[in-house]
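The values are calculated or read from the model by the stated rules, or taken from the named source; none is laboratory data. This one's a predicted model, so the numbers in the text were calculated from it and none came from an experiment. Here the Cβ positions follow ideal geometry from the backbone for every residue, glycine too, while neighbour counts run over all protein chains shown.
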């Protein structure tokens, strides 16, 4: 019963660790390239899937049950990103037999990616920051405009 009273980050992190454990021992695919995380805003279920859409772990976050109007993707992404970064910093993904590039994605129930939370590519880890990408986009556009005017 104590699980009900933990904060969403702790619940999700514990379940993510279970998913990593299952994937490190029982992954049946040829090479693991993605982990998908889905959230059902009605039931509060957070589920973890391998890249062949097999559910490997799930938990109900009771704080998120029936929060369709209040729980937006940005707040979910914030929690998932925090947990994913903690696990990456603790090198928890190193126990997996991954094929690079490997990514952890927040996805909808059709496995369409809403946000890429982590990308591991050729012995380096890249984290995409939307502000950084927007800034790069603007700088690149400004550069092109300047170049074309000359």
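Structure notes:
- The set of residues in the stretch 99-112 being in contact (Cβ under 8 Å) with a residue 40 or more places away in the chain and within 16 Å of residue 53 (Cα to Cα) consists of 102, 103, 104, 105, 106, 107, 108, 109, 111.
- Checked against (1) within 20 Å of residue 121 (Cα to Cα); (2) touching a residue at least 12 places away in the same chain (Cβ under 8 Å), residue 28 passes all but a single condition, namely (1).
- Exactly one residue out of 125, 33 is on the phi < 0 side of the Ramachandran plot, modelled with pLDDT under 85 and part of a strand (DSSP E or B): that is 125.
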